[in-house]
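Structure first, then comments.
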Amino acid sequence: MTTQNIKTADQMYFTKEHDLVRKSVRDFVKKEIAPNLDEWEETGETPLHALFKKMGDLGFLGIRYDPKYGGQGLDYWYELVFLEELAHIQGLGLPVAIAVQTHMATPAIYEFGSEYLKETYLVPAIAGDMVTSIAVTEPGAGSDVSALATTAKKDGDHYVINGSKTYITNGTQADYLTLLARTSDDPGYHSFSLFVVPTNLPGFQVSKKLDKLGMRSSDTAELFFDDVRIPKENLIGREGEGFIYQMQQFQHERFSAIPGGYIVAKDIIDLTLDYIKGRVVFGKPLIKRELLQHRLAQWLTEIECLKSLTYHIVQMKMAGLECTREISMGKLKAAKVLQGVAADCIQMFGGMGFMNEALITRFYRDARIISVGGGADEVMCQVIARLEGF
Ligand SMILES: Cc1cc2nc3c(=O)[nH]c(=O)nc-3n(C[C@H](O)[C@H](O)[C@H](O)COP(=O)(O)OP(=O)(O)OC[C@H]3O[C@@H](n4cnc5c(N)ncnc54)[C@H](O)[C@@H]3O)c2cc1C
């Protein structure tokens, strides 16, 4: 691309082919998600099988995956386009539910799984024929993943799973879970293994559907495993390497959260601008108050910084560089920007910002998730500090 052809900053990064993918995701969100979203928020559940099938048919669930498995074989810029457009869904429930399928439960199968696992579980996930969940967190182990107590004991040609998992997104609807369990009592990180666990096996139970502050269109569950026998072929990669695989899988999950930071924050600002342009207080529209203008200008600056960091991360990924440090910083910053914008903007709505009929309340509630899900802010700081050698 020559510099003469560049008319907007986005054209420095995206080509016409990227724009086509962007348009098809945007059209899908507009046509298939937006008209149903309020109802799904209300009922606390989205029919994921029907939705994912439509997304699978359009190739959305395997943007980066090899065409051999039904993926599109596209690069990280296309992945970013996909995530940016998903973030325009008005609320974080569905973008997270979809990212579980594309960025949380399937990357380890793709990167470390056998051909059998890819054919049996990755292919249907990409096609939208199966719904997936990632099952790591337990009642006694969240930030400290190594504290998990669910066991997978070898018994002949099987592993037998016992224990429980909690806060599992898509958990009431999943056909299989990508599950981290303890395969040894030894201390250290080589005592864990990652498995594909089908949910139609005896001994598996959705013990509770959880009621949440936000992300209400996404279902979240507590799961229970009582002697669930899975074939030994359902082990992902090598026994004892699951913790390492999961730490790598977390990088996809954490990256998927970052575009939501600047896209949703900007959407919130646009929503707020619409309101404060029309809201007259002390004789003039609120938008004319310099205090509010500066507040929004400062957040727009933060949004631009976060977007630049994200594009920098994509460039690093394209160059094949390790970017755990930058992804951790990006997720941390995304949480701060999104919550800061949501808090300042909801204030500009006055009493209306306390009414559930106002969309801003959904954004305000949902914004909390980035500071906790996929690793809390403090865990991101811990990773950054470790990589800095503190
Ligand atoms: C809506 C939702 C969906 C989720 N979906 C999934 C899912 O699909 N699959 C899954 O496996 N998990 C899921 N989770 C779990 C999520 O990853 C965990 O909640 C998260 O990792 C934090 O673990 P915890 O809740 O046990 O908090 P804890 O580990 O108990 O930590 C509590 C708080 O302590 C602070 N803290 C933690 N470590 C430190 C530290 N080192 N220094 C200082 N402060 C610290 C943090 O502020 C943290 O929020 C989901 C959570 C939510 C809320």
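The values are calculated or read from the model by the stated rules, or taken from the named source; none is laboratory data. In this text, all values refer to a predicted model and were calculated from it rather than measured experimentally. Here the Cβ positions follow ideal geometry from the backbone for every residue, glycine too, while neighbour counts run over all protein chains shown. With ligands, DNA and RNA removed, areas are computed over all heavy atoms of the protein, side chains included. Shrake-Rupley method; radii C 1.70, N 1.55, O 1.52, S 1.80 Å.
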With the range 291-372 reduced to its Cα atoms and the Debye formula applied, log10 I(q)/I(0) at q = 0.17, 0.20 1/Å amounts to -0.75, -0.91
Once all protein chains are kept in place, E115 shows an accessible area at probe 1.4 Å, nearest 10 Å², of 90
Taking the dipole of the chain about the Cα centre (Lys, Arg +1; Asp, Glu -1; charges at Cβ), the one of P95, V337, T151 that reaches farthest to the positive side is V337
The percentage of the accessible area of the chain (probe 1.4 Å, all protein chains present) made up of carbon and sulfur atoms, to the nearest whole number, is 53
Using alpha carbon centers only, the range 136-157 is separated from the range 336-355 by a whole-angstrom value of 38
Lys and Arg at +1, Asp and Glu at -1: neighbours of R22 with Cβ under 9 Å from its Cβ sum to -1
One quarter of the C-alpha convex hull surface, i.e. the mean projected area of the range 210-314 in nm², amounts to 11.4
Cα-Cα pairs in the chain separated by more than 41 Å, as a whole percent of all pairs, come to 14
Averaged per residue, the 1.4 Å probe accessible area of the range 132-240, protein heavy atoms only, in Å², is roughly 42
Answer in debye to the nearest 20: the dipole magnitude of the range 92-166 about its Cα centre, from +1 Lys/Arg and -1 Asp/Glu charges placed on Cβ, is 160
Kirkwood calc, the range 3-127, C-alpha pairs only, radius in angstrom 15.5
Taking only the alpha-carbon positions of the range 145-264 as identical scatterers, the Debye log10 I(q)/I(0) at q = 0.17, 0.19, 0.21 Å⁻¹ comes out as -0.91, -1.08, -1.24
Any lysines whose Cα falls less than 27 Å from that of K53, other than same-chain ones fewer than 8 residues away, would be K16, K23, K30, K31, K68, K118, K165, K208, K209, K212
FRET efficiency for A9 and L210 from the Cβ-Cβ distance with R0 = 35 Å, rounded to 0.05, comes out at 0.30
With +1 at each Lys and Arg Cβ and -1 at each Asp and Glu Cβ, the charge dipole magnitude of the chain around its Cα centre, to the nearest 20 debye, comes out at 1140
At 37 °C and 0.692 mPa s, the Stokes-Einstein diffusion coefficient in µm²/s for the range 244-387, with hydrodynamic radius from the Kirkwood sum on alpha carbon pairs, is 203
